Amino acid sequence: MQKRIYALWSPGSKGKTTTGKLIAGELHRLFPAAPVLPDAAALSGGEINIQIVIGKLKIGITSQGDPGTGLYQRLEKHALDGCHIIVCTTRTRGETEEAVEETERRYGFRAVWFTNYQSGFPGEHAFLNEASATRLVSLMRAMCGF
């Protein structure tokens, strides 16, 4: 199976972390027996950095895709831990985008860049983030066959 990075990219404060958490929740809903391995390095501010094991498939999910937060080190750890799929949040340019590209080159991943649904109306954010998470999990399952 081709290793994949699903990079959720957009400017700051657009629901990337929330969508990342919802992706983890959707995977847990679909695969309730799948163990969730928290990473030893806890992230601040409600961010996540976990691995979910579905049969022989390991999926790493990490948020906190802001510059200066060590995104490349977390991506590298997931790659070295044997993750087949990594979901991460990133900005649209600069250090965090480069971290995804370096992980592609160094560890043989292929990136799929996507953004979450967005609206200028705060009352729609929760629904749109959930729809974005469901959409990405469906895409991952179709592309990676799980």
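General remarks:
- Checklist (1) farther than 21 Å from GLY12 by Cβ; (2) assigned to a helix (DSSP H, G or I) applied to GLY82, failing item: (2)
- Only one of the listed residues (VAL137, VAL53) is part of a strand (DSSP E or B) and out of contact with any strand residue (DSSP E or B) (no Cβ under 6 Å at 6 or more places or on another chain). That residue is VAL53.
- Qualifying residue in the stretch 29-38 (condition: in a loop (DSSP other than H, G, I, E, B), more than 23 Å from GLN2 (Cα to Cα) and at pLDDT below 95): no
- Yes/no for GLY120 being of a type in the set (Gly, Ala, Ser), within 15 Å of the chain's Cα centre (by Cα) and part of a loop (DSSP other than H, G, I, E, B): no
- In the stretch 113-131, residue farthest from THR90 (Cα to Cα) [restricted to those that are among the aromatic types (Phe, Trp, Tyr) and either touching a residue at least 60 places away in the same chain (Cβ under 8 Å) or surrounded by 15 or more Cβ atoms within 10 Å (Cβ to Cβ) (or both)]: TYR117
- Checked against (1) surrounded by fewer than 21 Cβ atoms within 10 Å (Cβ to Cβ); (2) touching a strand residue (DSSP E or B) at 6+ places or on another chain (Cβ under 6 Å); (3) over 15 Å from VAL137 (Cβ atoms); (4) free of Cβ contacts under 8 Å to residues at least 40 places away in the same chain, HIS78 meets all criteria but (1).
- As for the stretch 92-112, it holds at least one residue that is surrounded by fewer than 18 Cβ atoms within 10 Å (Cβ to Cβ) and in a strand (DSSP E or B).
The values are calculated or read from the model by the stated rules, or taken from the named source; none is laboratory data. All of these numbers come straight from a predicted model, not from anything done at the bench. Cβ: placed from backbone, ideal geometry, glycine included. Neighbour counts: every protein chain shown.
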